[in-house]
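Have a look at the structure below before the remarks.
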Amino acid sequence: MKPLIIAVFASGEGTNLQSIIEHVERGDLDASIAAVVCDKKNAHALVRARRSGVPAFFVDPKAFASKDEFEGKLVSLLRQQGVELVVLAGYMHIVGSVLLGAFPNRIINLHPSLLPAFKGANAPQQAIDAKVKETGTSVHVVTRELDGGEVLAQEKVPVLEGDGASSLQERIKKTEHWLLPEVIQLIAEGKLLELRK
Ligand code: GRF
């Protein structure tokens, strides 16, 4: 089977990107990362991609007159790289209609909560404020509804006494680092999303 050609979108630290890169390098993930796309010039994700020889692109949203034009540029980049699946891993931009129209049912996102709980920004802080004992992470299909598409996989993560948003976020990331590659592998095998039929 040919590797699934993916793009990873990230805005910041890029530890999930790093985990995907390492799974591919170890041969644990039948995917080829054709593009890492960042909307922030200083995203550490760009450094991680370049260090591993993965094609990395900074596309500045502010350089475009509208969101549609910005996304039009992303679509041509993704098509040029032959991308089959777009993985949002810490991408802080809301995906709009141009990108969704070009990749329907082909964009997935990682969100640090057990959706539908705690949608939107600062999900770990929301979990702490709600005093829940357990939160988690979800991989879901991106649709027009924010954090609202079909959930493909979820894992629970405990909230411990004394947790702040950042300690909880770090614990959640440890789970994300294996869950996201696992979901991509299932998609590559045609067992989820059925992209490859
Ligand atoms: C992850 O926790 C993900 O759930 C959220 O943003 C974080 C990205 O972390 N959407 P990193 O940049 O991969 O380290």
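The values are calculated or read from the model by the stated rules, or taken from the named source; none is laboratory data. Here the structure is a predicted model, which is why all the values come from computation and not from measurement. Because the Cβ atoms are built from the backbone with ideal geometry, glycine has one as well, and the counts that use them run over all protein chains shown. In case anyone asks, the SASA skips ligands and DNA or RNA and just uses the protein heavy atoms, side chains included. Shrake-Rupley method; radii C 1.70, N 1.55, O 1.52, S 1.80 Å.
Karplus couplings for segment 182-195 from phi (6.51 cos²θ - 1.76 cosθ + 1.60, θ = phi - 60°), rounded to Hz, Gly and Pro as x?
4, 5, 4, 4, 5, 5, 4, 7, x, 8, 9, 6, 6, 5
Could you give me the ³J(HN,Hα) list for segment 63-68, computed from phi with Karplus coefficients 6.51, -1.76, 1.60 and θ = phi - 60°, whole Hz, x at Gly and Pro?
Here the 3J(HN,Hα) series is 7, 10, 6, 8, 4, 4 Hz.
Which percent of the accessible area of the chain is formed by carbon and sulfur heavy atoms (probe 1.4 angstrom)?
About 51 percent, which is the carbon plus sulfur part of the accessible surface.
Amide H to amide H, which residues 5 or more places from Ser11 or on other chains are under 5 Å from it, using H placed in the peptide plane?
It is Tyr91, Met92, by chain and number.
What Kirkwood radius, in Å to one decimal, follows from the Cα pairs of the chain?
17.0
To make sure I understand the rule: partners must be lysines, Cα under 22 Å from the Cα of Lys62, and not fewer than 8 residues away in the same chain. Which ones qualify?
Within the straight-line cut-off, Lys62 pairs with Lys40, Lys41, Lys73.
Show me, for segment 39-54, the HN-Hα J-couplings you get by feeding each phi into the Karplus relation (A = 6.51, B = -1.76, C = 1.60, θ = phi - 60°), rounded to Hz, glycine and proline as x.
9, 10, 4, 9, 4, 5, 4, 5, 5, 4, 5, 4, 4, 9, x, 8
Need the list of aspartates and glutamates near Lys174 for cross-linking: C-alpha distance under 13 angstrom, and skip anything on the same chain fewer than eight residues off.
Lys174 reaches Glu155.
Just the number, please: percent antiparallel of the DSSP beta bridges in the chain, rounded to the nearest 5.
Antiparallel: roughly 40 percent of the beta bridges in the chain.
How do the peptides 91-100, 178-187 rank, highest first, by the average count of neighbouring beta carbon atoms within 10 Å per residue?
Result, highest mean first: 178-187, 91-100.
Using only the Cα atoms, work out Rg/Rh for segment 93-180, with Rh taken as the Kirkwood radius, to two decimals. Write down the numbers at each step before the final one.
Numbers: Rg = 13.4 Å, Rh = 13.4 Å.
Rg divided by Rh gives 1.01.
What accessible surface, in Å², does a 1.4 Å probe find on Thr137, ignoring ligands, DNA and RNA and rounding to the nearest 10?
Using a 1.4 Å probe on the heavy atoms, I get roughly 0 Å².
Please list, ordered by chain and number, the residues whose modelled amide H lies under 5 Å from the amide H of Val159; skip anything fewer than 5 residues away on the same chain.
Glu134, Thr135
Express in whole angstrom the spacing between the alpha-carbon centres of segment 51-84 and segment 26-42.
Each part's Cα centre sits 13 Å from the other's.
Could you give the dipole magnitude of the chain about its Cα centre, charging the beta-carbon of Lys and Arg +1 and that of Asp and Glu -1, in debye to the nearest 20?
380
Could you do me a favour and compute the accessible area per residue for segment 69-113, 1.4 Å probe, result in Å²? Before the final figure, lay out each step's value.
Working: 1720 Å² over 45 residues.
That works out to 38 Å² per residue.
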